[in-house]
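Presented below is the structure to which this report refers.
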Amino acid sequence: KISRVNKQWATLCYEVTSAYTPDDFKRLVRLFQGGWTHANKMFVGKTLHDVKCFDFASSYPAVMTTRTFPLGPFVKCDVSEFPDLEAQDLNNGKYHWYMRVELENVVSKLDASYWSLSKTTDCTGATIDNGRIFACKHMVAYMTDLDWDTFKQCYYFYGSKVLELYKSEAGYF
């Protein structure tokens, strides 16, 4: 329905998506993720009472209207741009970006693991918690700027290398 109400948004979506090649599409499928719901290994099969929850990376309408989004196709850029892109304010940067990153000696900071094994393209020496990586010797994954920020909050890692880097101008719809 939104495409009928907001023709400018519909046109922008068409222009962005029609510019992607099949390889671009495959990368984006590896990249984008849905909600993070997961059973904590410490509580599987137990009935809990007085549970408090929070949503730390939501895409509810408030976020969709107050945060910037990529406004055009992602363009491959040199990995040397990573420090500048990473240093941007996530809520007010000039670009949104994503990368393919290689990580070594990853260990969760949390009891509940965060990163899904299915969202890696390579993972070795892994301890898996109900489909999520608790620890691994080596992993390769695509991550958005927001994913990377959350990943760093949830995991220790002792070595990283950006293998590919893509950026798109950021703005409001």
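The values are calculated or read from the model by the stated rules, or taken from the named source; none is laboratory data. No experiment lies behind these values; they were computed from the predicted model shown. Ideal geometry is used to build each Cβ from the backbone, glycine not excepted, and the neighbour counts take in all protein chains shown. Only protein heavy atoms, including side chains, enter the accessible area calculation; ligands, DNA and RNA are left aside. Shrake-Rupley method; radii C 1.70, N 1.55, O 1.52, S 1.80 Å.
Taking strands (runs of 3 or more DSSP E) that do not extend beyond the range 70-160, which have at least 2 residues that are at pLDDT 95 or above and surrounded by 14 or more Cβ atoms within 10 Å (Cβ to Cβ)?
95-108, 132-144
Take the conditions modelled with pLDDT of 85 or more and touching a Ser or Thr at 6+ places or on another chain (Cβ under 8 Å) and apply them to residue 49. Does it pass?
On the way: modelled with pLDDT of 85 or more: yes; touching a Ser or Thr at 6+ places or on another chain (Cβ under 8 Å): no.
Considered against the rule, which asks whether it is modelled with pLDDT of 85 or more and touching a Ser or Thr at 6+ places or on another chain (Cβ under 8 Å), residue 49 comes out as no.
The rows are residues; the columns are (1) open to solvent by less than 80 Å² (accessible area, probe 1.4 Å); (2) at pLDDT 75 or above; (3) of a type in the set (A, V, I, L, M); (4) closer than 16 Å to residue 116 by Cα.
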{"site": "6", "(1), (2), (3), (4)": "yes, yes, no, no"}
{"site": "9", "(1), (2), (3), (4)": "yes, yes, no, no"}
{"site": "14", "(1), (2), (3), (4)": "no, yes, no, no"}
{"site": "21", "(1), (2), (3), (4)": "yes, yes, no, no"}
{"site": "24", "(1), (2), (3), (4)": "yes, yes, no, no"}
{"site": "31", "(1), (2), (3), (4)": "yes, yes, yes, yes"}
{"site": "35", "(1), (2), (3), (4)": "yes, no, no, yes"}
{"site": "41", "(1), (2), (3), (4)": "no, no, no, yes"}
{"site": "44", "(1), (2), (3), (4)": "no, yes, yes, no"}
